[in-house]
Amino acid sequence: MNKRFNVTIKILLALWMVLCTIGAILAYSEIPSALKAPEQHYPFGKGDLGWHYESLQTYIIGAGIFGTWCALGGIISILAWKYPKYRLYVLFHFITICVYLIWVNSY
């Protein structure tokens, strides 16, 4: 592989690490705000918004799952920086995040 390709891959890995870190922070920051005033901000049990909004407990579980998955993506991106064999895992992580976001927003 040429040097330009490696630089591009490293830029994409750094970008994905930053996005995953921001996603984990946002997902985990939703939990305290949902616990403080759930009826004011979140439409639990109303409409067809998916399993996340069935109850407060499922919303917290969904935010925890998404936050953990994003944090795992950041860790994998850091590992892929040094070990090129982890780049396939980053691609898998990217695809699963895209599928998850499409599935959640399809309601």
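Below are the figures for this structure:
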item	result
Nonlocal Lys pairs with alpha-carbon distance under 25 Å, the chain (8 or more apart, or different chains)	5
Positive-pole candidate from 34, 91, 72, dipole of the chain, charges at beta carbon	91
With Cα atoms, 0 to 90° folded angle of helix 3-36 axis to the chain main axis	20 degrees
Cα-only radius of gyration and Dmax that characterise the chain, units Å	16.7, 55
Modelled label reach - residue 21, point 7 Å along Cα→Cβ, the range 80-96 residues with backbone N closer than 16 Å	80-82
Ascending count of other beta-carbon atoms within 10 Å, so fewest first, for 94, 5	5, 94
The chain: angle of helix 87-104 to the longest principal axis, Cα-based, in degrees nearest 10	20 degrees
Cβ charges +1 (Lys, Arg) and -1 (Asp, Glu), total dipole of the chain, debye	800 debye
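Taken together, the values in this text are just the output of simple stated rules run on the coordinates, not laboratory data. Worth saying up front: this structure is predicted, and the values here are computed from it rather than measured. Counting neighbours? That spans all protein chains shown, and the Cβs are built from the backbone with ideal geometry, glycine included.
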